[in-house]
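Read the structure below first, then the notes.
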Amino acid sequence: MLSLRWGTYRGRYLAGLLLIVGGAVQLQGSNTWTLPLLLIGTTAHIVGWSIMPARGWRRMLVIVPATVQIWLLLTGPASVWMFVIPYLCWMLVRHRPARSYLTVLLPLANGFVIPQFTMEYSGMPVALAVSMTVFVGAAWLARLIAVGAQTPSTSSTLIR
């Protein structure tokens, strides 16, 4: 288990997850009339990544690519394939073993299927809901793979 300098594992995990997802949703809900939401959503997203319970370099490394990807989602459903970027960031922050990275194929496949059904920005709420469901399912599958790959020597370093 990772030793934390402040807070509890569960508290930092839940707060980080809430800020990451909440910031991304808030940013996606913005438009030219609600520009402050861009700043608030981006800030919440960055703070969320920075407080996740993980090694410091992992948390800092993922901030820029994950935040840039959330901004690029503003282009519409054709860009949901880029959920691969925050998914890889999630895998890095969660200390997943190499074999669990095979699950990245699920968000990638989702990103190529969704635009077949809608390309208009009006379809973005459905595209985001489906994409997040695939993302969460792939993350849980990666966790199952990681737990299955766990050996007694790595049990103390694998993050839940």
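What to note about this one:
- Mean residue ellipticity, 222 nm, helices only, the chain: the sum of -39500 (n - 2.57) across DSSP H runs of n ≥ 4, divided by residue count and rounded to 500, is -20500 deg cm²/dmol.
- Per residue, the stretch 60-149 exposes 50 Å² of solvent-accessible protein surface, assessed with a 1.4 angstrom probe and all protein chains in place.
- Size of the stretch 1-53 from its Cα atoms: along the principal axes, largest to smallest, the extents are 44, 13, 11 Å.
- Using alpha-carbon coordinates, inclination of helix 56-72 to the longest axis of the chain, degrees: 20
- Distance between the stretch 1-69 and the stretch 79-94 - C-alpha centres, whole angstrom: 13
- Counted by Cβ distance under 13 Å from Pro65, the other residues give a net charge of +2, where Lys and Arg count +1 and Asp and Glu count -1.
- Taking the chain and dividing mean pair separation by its residue count, relative contact order in percent (alpha carbons under 8 Å, at least six apart): 23
- Principal axis dimensions, the chain - Cα atoms, whole angstrom, descending: 51, 33, 20
- Taking the Cα atoms of the stretch 60-149, the ratio Rg/Rh between the radius of gyration and the Kirkwood radius comes to 0.99.
- Near Arg12, once Lys and Arg are set to +1 and Asp and Glu to -1 for all other residues with Cβ below 11 Å from its Cβ, the sum equals +3.
The values are calculated or read from the model by the stated rules, or taken from the named source; none is laboratory data. Here the structure is a predicted model, which is why all the values come from computation and not from measurement. Quick reminder, even Gly has a Cβ in these numbers, built from the backbone with ideal geometry, and neighbours come from all protein chains shown. When the accessible area is computed, the model is the full protein with side chains, heavy atoms only, and any ligands, DNA or RNA have been set aside. Shrake-Rupley method; radii C 1.70, N 1.55, O 1.52, S 1.80 Å.
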